[in-house]
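Here is the structure we will look at, set down as C-alpha cells.
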Amino acid sequence: MLVDAKLLKLIHPPPFTLSEQIQASCTIAREQLEAGDYDGGCAVLQPWWTIGEWPRQADLSDRASAELLLVAGTLSGWVASTREIPGGRKPAEGLLNGAIAIFEQLRDKVRAAECRIELSCCYYHQGAFDLARTTLYIALKDLSNENRELKSIALIRLAVVERLAGRLHDALALLDEASNLVEESRPWPKGRFHLEFANTLKDLGIAESRNLYFERALGHYKEALSHFKQIGNHRYTAIVENNHGYLLSTLKRFDDACQHLERARRLFDMLQDTVRRAQVDETLAQLYLTSDRYELAERSINLSVDTLEISGEEAFLVEALTTRGLVLCRLGKRHEAKPSFERAQRVAERCGDHEAAGKALLMMIEELSEQLSDDERREIGAHANQLLSNSQQYATRERLQRCLEQISQAHTRFEAQREQKIHAEKMAALGELSFGVAHNVNNTLTGILGRAQLLLRSNDSEKIATGLELIIKSAEDGAQIIRRIQDFARQRPSREFETISIAELLKDAGEMSKPRWEARVDAAPVRLVLNTDCKAFVKGDPVELREVLVNMIYNAIDAMPAGGEIRLGTEETRDRVILTIADTGMGMGPEVKSRLFDPFFSTKGKLGTGMGLAVSFGIVRRHDGAIDVESEPDRGTTFKISLPKVARMKTRDAQTCSPDADTSTGEKKKVVVLVVDDETPVREVLIEALAAEGFEVLAATSGELALDLFDKHQGQIDAVFTDIGMPEMSGWELVTAIRERSNTVPLAIVSGWADAISHQTRRAVNPNWVVAKPFDLNKIVAIAQEIAQRKADSTK
C-alpha cells in the first residue's frame, strides 16, 4: 500500500532537521518492508531517493546518510527480486556497500553488520553462494547475543544460503542455533524462521525419503503463515503458499497442492511480483510432471524460464532450466532437453552452485543415457562426480553411484560392440581385399598362362620373342600389384626417417602436382592456394609424405570437374602439426566416406585403382600419424593429416653398407655361392642364373642345411643368397648365424618381404643387397658381377 500523505506530513514538521526527517522516514520505510509493501517503502523515501538512482545526501549527517543508503539499498534489492529493473541487484549492492563504509567510519559495527546481512541477499539471489556465505560470517562476527534479533536474521539468511547450496544438514544446524534467539522476536523474524525451517525440512525429506521431515515441515509452514498474516505481509504469505503447495505435490496430494499454488499465484499477480510468480509456475510444472500432465507442465515451465531469464535471479533460473529439461524428456523432445540441462549446469557453475550443477548433469545422464555417446556419458559422469563429491544429500549420492555404475556397464557393452564391429569390418575389408587381389592377380595370371600356352603351339621365333616380352611385362604388373598391397600393410619404413620441413613438403607437393591443376586446357580452371608459413618439422620419409599429398591433390582435382579451389594449410598444437587439404568439389556422402581408405575401393570406375588412399593411410600410420576427413555432398572435402612434431635437427644420410674385401679366401678358379630357398622354382632360377655367370653354386632347401654347407665349406664360399620366410630355421636366423662366423662374406637377401625390412633390421644383419621378389634377372646378374669383381680384387 502507499503511505498516507497525512502520515508523511507528521514526520516533516518545521522543528525537525533534515537528517532527523530522513531517519524518521527510514523507520517508516522499514515498516513497509516488513509488511511486504516495497512500493510503499519507496514512496516514503521519494523526496530523497528514486529507485535506480543514487540518493541525494547533501546537508545530511553521516549517520542519516548511512541510514538512507541502507534502507534504499534494501528496498532496491527486494524490488529487483519482484520484477525486472535496469541493472538488477547491482544498484542495491552499491548502496549497501556505501552504507557499510559510513557505518564503519562511525565505528558502528552492528549497523554495518545489518548492511552486510541485506547485502548477502543480493549475492545469493544471483547464485553467488560463496560470496554470500563469507559476507554473513563477517556480519555474525560483529554481532553478540545482545543483538538477538539481528543475529537470528543473520543465521536464518546463512541457512538459506546453505540450503540453496545443497548443504541441508548445515542449514538445519544453523536454524537450531537461531531457534533460541528468535523466541522473543517480532512476527517478521519469526515468520522468516519458520518458513526457512519448513523449506529445509522439505528438502531433507525429499533428499532422504523420510516422511517425518515432511510432517514437521507442514507444521512450520502453518506457523510461518500465521506470523505473516498477523503483520499483513501478502508477499511472504504467497511465498509460504507456494512452498507449501510444492510439499503437498511431493506427497501426491495434488488437489490440496493446486489450491495453495493458485492462491500464491493470485497474490503475486496482485503484487505484480513477476519473479515470484515465475517460481510458482516452476512449482506448478513440477506438480504437473508428478501427475503426468506433461503439456500443462511445458506451458508452465516455459512461462517460468521466460521470466527468470531476464530477472537476474540465476539461482531460480538454474532450477527452472533443470525442470524444463525433465519436462522435455517426458514429452519425448530429448534433442531439446540436452541444451536445457547443459545451460542449467553452466549457469550453476558460474554462480558457484556445484550441487545444482551436478544435479543438472545427473538428471541429464538419467534421462538421456541412450542418446549420449559413450565418450559423452563418461565425460558427463566424471564432471557430475566431481561436482557432487561433497554433497550432503544421501539420495543424490545414491543416484550418482547408480549412474556411474550404469555408465561403467554401458562402456563395457560399448567396447564389446566396438570390438565386434571392428572385427566384422576387418573381416569385410579382408574379404574385399582378397577379392580385389584375386581379381587383379587372376587377370595377370590369365595373360601369362594364355600367352605361354600360345607360345607352346608356335614355331615362329618372332612371335615367341614378342610373347616372352609380354609374359615378362605381365609378371612385372603382377609384382607391382603385390608391392602396392605391401605398401598398404607395411608397419615400418624401409628407409631411416629424416627431419622434414612442413613448409618445404607443401611447396614440393604443390610443384609436383602443378601440371595436373595448372594445365587444364579443356576443363574449368583449378586454383591452388598454398600456405607455407608453418615453421614446424616432422620426422619421416619425404618421398612417401610427398606421395600422400600429391595423391590427395590429384583426388581433389578429380572431384572438381567444374573447377574450384584447393587449399593447402597447416595448424599446430603443442606436440603435433596438422596438414589440411581442402577442396570445393563434389564432396561425398557417409557411405563413401566410411569406405574411403579401403583397398580397391574407388568411385572413379576404370580410371581408379582403389589403392591411392589406402596406401596413403598406411604411409601416414607408419609415421605415427592419423588422417581425418570432413565432407558433405556439394560442400567439398577436407583431409586433415596429423603428424608428431619434432625439433629441427641436422639430417644425415641413411647409412649404407659397403662390402669389405675378404682377403682370406685366396685365389680360386671359380666363384662359389650358396643359394638358400625352400621354393624349388625360385631356387632353380637363381642356380641357373648364377651358373650362367660361371659360378659354382651350392644349393640348400632350408636354413639348417645351408648352415651345414657353410660350415663344411668354411672359407670357400664367396657369397650367400637366402630367402627369409622358411620353415624351422628362418632366413633371419641363418644370416645371424653366418654373421657370427664371418663379418665379411657378402650376403644377398632375396625375399617377398624385402620392402618391409626396416632400416634398423638391415643394420642388425648387415646384408650387402636386399632384392624383392619377384626380381628382375638383370638385378641378380649385376650382383653376380659385383661378387666376381670382389673376388678378383681380393686375389690381386
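Values quoted throughout were computed directly from the atomic coordinates according to the rules given, and no laboratory measurement underlies them. Computed from a predicted model, the values in this text were never measured in an experiment. For neighbour counting, all protein chains shown are included, and Cβ atoms are generated from backbone atoms with ideal geometry for every residue, glycine included.
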Exercise. What FRET efficiency, computed as 1/(1 + (r/R0)^6) with R0 = 25 Å and r the Cβ-Cβ distance, is obtained for Ser226 and Glu20, rounded to the nearest 0.05?
Worked result: 0.10
Seminar exercise, completed: Two pseudo-spin positions, 7 Å from Cα along C-beta at Arg574 and at Asn302, lie apart in nanometres by 4.6
Exercise. Under 5 Å between amide H atoms, partner at least 5 residues away or on a different chain: which partners does Arg576 have, H built in plane at 1.01 Å?
Worked result: Lys645
Problem set entry | Placed amide H near Ile566: partners under 5 Å, 5+ positions off or other chain | Arg527, Leu528, Val529
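Could you sort the peptides 682-692, 123-133 by per-residue average Cβ neighbour count (10 Å cutoff), highest mean leading? Please list the in-between numbers first.
Numbers: 682-692: 17.3, 123-133: 22.5.
Peptide ranking by packing, descending: 123-133, 682-692.
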Problem set entry | Arg56 versus His383: modelled label distance in nm, points set 7 Å from Cα along the beta carbon direction | 5.2
For this session: Evaluate E = 1/(1 + (r/R0)^6) for Asp628 and Thr134, where r is the Cβ-Cβ distance and R0 equals 51 Å; express this FRET efficiency to the nearest 0.05.
Result: 0.60
Problem set entry | Charge context of Asp508, other residues only, Cβ under 14 angstrom, K/R +1, D/E -1 | -3
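Which chymotrypsin sites (Phe, Trp or Tyr not before Pro) does the stretch 15-90 hold that lie in a coil by DSSP with at most 16 other beta carbons within 10 Å? It would help to have the intermediate numbers written out before the result.
Values: sites: Phe16, Tyr38, Trp48, Trp49, Trp78; in loops: Phe16, Trp48, Trp49.
Answer by residue number: Phe16.
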Exercise. What distance in nm separates the simple spin-label points at His169 and Asp374, each placed 7 Å from Cα in the Cβ direction?
Worked result: 3.8
Exercise. Taking the Cα centre of the stretch 32-135 as the origin and placing charges on Cβ (Lys, Arg +1; Asp, Glu -1), which of Trp78, Ile102, Leu131 is farthest toward the positive end of the dipole?
Worked result: Leu131
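Estimate the FRET efficiency between Phe254 and Ser144 by the formula 1/(1 + (r/R0)^6), using the beta-carbon distance for r and 41 Å for R0, to the nearest 0.05. Spell out each step's value before the answer.
Details: r = 48 Å, r/R0 = 1.16.
E(calc), rounded to 0.05, equals 0.30.
Just flag the trypsin sites (Lys or Arg not before Pro) in the stretch 193-284 sitting in loop per DSSP whose Cβ has no more than 11 other Cβ atoms within 10 Å.
Values: sites: Lys202, Arg210, Arg216, Lys222, Lys229, Arg235, Lys252, Arg253, Arg263, Arg265, Arg266, Arg276, Arg277; in loops: Arg210, Lys252, Arg253.
Loop-located and lightly packed - Lys252.
What does the extension gain come out to for Gln417 and Leu106, with contour length at 0.36 nm per residue minus their alpha carbon separation?
Details: separation 311, 0.36 × 311 = 111.96 nm, distance 7.31 nm.
Extra length from Gln417 to Leu106 when fully extended: 104.6 nm.
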Exercise. Taking +1 at the Cβ of each Lys and Arg and -1 at the Cβ of each Asp and Glu, which of Asn243, Ala207, Ala315 sits farthest along the dipole of the stretch 184-318 towards its positive end, judged by Cα position relative to the Cα centre?
Worked result: Asn243
